[in-house]
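Where a number appears in this text, it was derived from the coordinates with a stated rule and is not lab data. What you see is a predicted model, and the numbers here were worked out from it, not measured in a lab. Here the Cβ positions follow ideal geometry from the backbone for every residue, glycine too, while neighbour counts run over all protein chains shown.
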Amino acid sequence: MKMLKRTAFYLLLLAIVFVAVFPFYYAIVTSLKSGTELFQAGLWPQSFSLANYRNVLTEGPFLRNLVNSLVVSGAVVAVSLLLGVTAAYALARIRFRGRSVLMLAILSVSMFPQVAALAGLFEIVRALHLYNSLLALILSYMIFTLPFTVWVLTTFVRDLPVEIEEAAILDGAGPWTILTRIFLPLLWPALATTGLLAFISAWNEFLFALTFTSTNTQRTVPVAIALLSGNSQFEIPWGNIMAASVIVTVPLVALVLIFQRRIVSGLTAGGVKG
Amino acid sequence: MSAASVRPSPLARRRVRTAWLFLAPMLFVLGVVAGWPFLRTVYYSFTDASLADLDARQWVGFDNYFSVLTLPSGRLLYDGLLVDPVWWRAVWNTVRFAVISVACETVLGMIVALSLNADFPGRGIVRAAILIPWAIPTIVSAKMWQWMLNDQFGIINVVLLNLGLIDSKIAWTASADTAMVAVLIVDIWKTTPFMALLILAALQMLPREILEVAKLDGANPWQIFWRVTLPLIRPAVMVAVIFRALDALRIFDLIYVLTPNNVQTKSMSIFARENLFEFDKFAYGSAASTLLFLIIGLLTIAYIRLGRLSFEGGR
């Protein structure tokens, strides 16, 4: 009986791992196939061809799209962390009237359906002459990365020991000194976690990238992949799409696996503790 | 907060000033990218603005939501979002999608979390594996699954045919009967890990002693789960559910890529964006965005109210 239970448990685990990993595995396999082999649903590639990767990287602006995504996500993370860390210090460490209302407002913005701001954002983007530029994306992505960053960093700052801060205040240190000299060095792990999560959400964003850019060279990778098409309307270049998908996903999966623990703690700080 | 009745010290007052100074840049940016745009969206929903010329707009009151036209023949014609069957179809699609997907994700996430909470060799590998769907961009997972679900060459049809489970190949993402199923499969696959991780975190915060005591009292695992574990992690699960539900209610990218132009899966967000930027009905799209916000807001308030009521009643 015990044996049976154990076997059933391992079968369940095997099923979980299989379902989680198989689609990505199959995308990799497909990306390595070429020609007619693509249309035979085999579980492993008979031949090993990098032609799809060559196509994606040399024909069309995919490399440019990758750079765009990196620039946008990097800038979004930098700005969010910069604005987020001062806000988080104020929210976590200073008592003032309206603090809990503010926290609630920040949480609701992060849960806000982005479509509800789309029309107004479009107006702002056009008024600032940012349409079809990466700056439009950097600006609009703040709507989801900023509240998220503030929220998660606040939970991290709250956990820092009070004694250090009190000692610094007695020594005559102002809030800016406390934040930059004392808290910031302690906050590096939290900043890395939050930054990574913000980077991932900016890297994956689709709605604003689709709406605020119009030419192939200004697109980010999710939009580029979604709009990747073949020579004719009926010929979908699955090999190229899968190669592009693998290129975009491998760095993310690597980052996530390396920083597994950090990411889990960041996600739960954003979710459970709130 | 005992200091509230006492006059605040100069230091405390200075710190409050600092707090607002530290918050100001963040609040300004959020105002520019969230607050103001949302107010403008609401404003546009009361105008007749078109994408080509946003400035040439006129106030039309509630016409985008509801209006009555009298035809020369004397017949009344109702118009506007509130009587638009396409819109209500989108609302129904979205709500149905959110309820089914979040329910499945909660159950599956619970199963995964309970498995990961047990001690077994190779636990780290399993946890790493379930993080993969979460790490894959939504667009990429939509494309991956679109390929696997392809009617002609997709591996899922091939496997099902070989197993004899289906007689002919199914056009999963294109056919009216299965398009929503396809969207649900991909969404559940992609977001169950998030649910599992949040539930797992709650499980790991449970005091071991309680479970030990229950075991000593002769409770079987099934009873322990329903009587001890579930009530204790319930608040965390409720929070995870609302996070996921709010995410599901605004679904856009997965449906846009996986089942484009499909009436069966068109969500509220797709409907709004389509009108804003593709049909040249900017004002109508703004009205849809506003209504979408109201519907999600009301559902959230209802969920929080109902959740808290039964939560307190259960204690």
Nearest-20 debye value, the protein assembly as shown charge dipole, Cβ charges on Lys, Arg, Asp, Glu: 1680 debye
Distance between the C-alpha centers of segment B:114-142 and segment B:205-249? Whole Å please. 21 Å
Give me the dipole magnitude in Debye, nearest 20, for segment B:27-114 about the Cα centre, with unit charges on the beta carbon: positive for Lys and Arg, negative for Asp and Glu. 200 debye
A correct Karplus calculation of ³J(HN,Hα) over segment B:110-127, with 6.51 cos²θ - 1.76 cosθ + 1.60, θ = phi - 60°, whole Hz and x for Gly and Pro, returns 4, 4, 4, 5, 5, 5, 6, 7, 7, 8, 7, x, x, 4, x, 5, 4, 5
Put a dot 7 Å past each Cα toward the Cβ at B:R57 and B:L299; how far apart are the dots in nm? 2.6 nm
Given R₀ = 25 Å, what would the calculated FRET efficiency be for A:V250 paired with A:T217, taking r from the Cβ atoms and rounding to 0.05? 0.60
With the radius of gyration and the Kirkwood radius both derived from the Cα set of segment A:167-257, what is their ratio Rg to Rh? 1.27
Whole number please: convex hull volume per residue of the Cα set in the protein assembly as shown, in Å³? 218 Å³
Pseudo-spin-label distance B:R234 to A:S47, built 7 Å along Cα→Cβ, given in nm, is 6.2 nm
Chain A: angle of helix A:2-32 to the longest principal axis, Cα-based, in degrees nearest 10: 70 degrees
State the volume of the convex hull built on the alpha-carbon positions of segment B:36-106, expressed per residue in Å³ and rounded to an integer. 144 Å³
Residue mean of other protein chain beta carbons inside 10 Å, B:50-56: 1
Please check: in the Gaussian network model of chain A (C-alpha springs, under 10 Å), which one of A:V56, A:V17, A:V248 has the largest mean-square fluctuation. A:V17
Stretch B:L163-B:T70 to full length: gain in nm at 0.36 nm per residue minus the Cα-Cα span? 27.4 nm
Exposure proxy check on B:K281, A:K5, A:K33: fewest-to-most Cβ neighbours within 10 Å is A:K5, B:K281, A:K33
Note the full-extension length gain between B:W88 and B:F279 as 0.36 nm times their separation in residues minus their Cα-Cα distance, in nm to one decimal. 67.0 nm
Using only Cα positions of segment B:106-248, each an equal point scatterer, no hydration layer, compute I(q)/I(0) via Debye at q = 0.12, 0.13 Å⁻¹ and quote the log10 values to two decimals. -0.65, -0.73
For chain B, the Rg and Dmax computed from alpha carbons only, in angstrom: 25.3, 82
At q = 0.08, 0.12 Å⁻¹, the log10 of I(q)/I(0) for segment A:61-269 from a Debye sum over equal Cα scatterers comes to -0.35, -0.71
Under Karplus coefficients 6.51, -1.76 and 1.60, residue-wise ³J(HN,Hα) of segment B:192-209 in Hz, glycine/proline x: 4, x, 4, 4, 4, 5, 5, 5, 4, 4, 5, 4, 6, 8, 5, x, 4, 4
What nm distance separates the two modelled labels at B:D151 and A:S201, each placed 7 Å from Cα along Cα→Cβ? 3.8 nm
Interchain or sequence-distant (5+) residues whose placed amide H lies within less than 5 Å of the amide H of B:T47 are B:V60
Rg (one decimal) and Dmax (whole number) from the Cα set of segment A:1-48, in Å, equal 16.0, 51
Is there a simple number for the mean count of other chain Cβ atoms within 10 Å of the Cβ of residues in B:162-168, and what is it? 0
By counting other Cβ atoms within 10 Å of each Cβ, how are A:W203, B:W88, B:W222 ranked from fewest to most? B:W222, B:W88, A:W203
What list do you get for B:W59, B:W134, B:W20 if you sort them by fewest beta carbons within 10 Å? B:W59, B:W20, B:W134
Please average, across the residues of B:36-45, the number of beta carbons from any other chain that are within 10 Å of each residue's own beta carbon, and give a whole number. 6
Quick check on chain A: helices-only [θ] at 222 nm, where DSSP H runs of length 4 and up contribute -39,500 (n - 2.57) each and the sum goes over total residues. Nearest 500, please. -24000 deg cm²/dmol
Within chain B, helix-based [θ] at 222 nm, where runs of 4 or more DSSP H residues each add -39,500 (n - 2.57), nearest 500: -20500 deg cm²/dmol
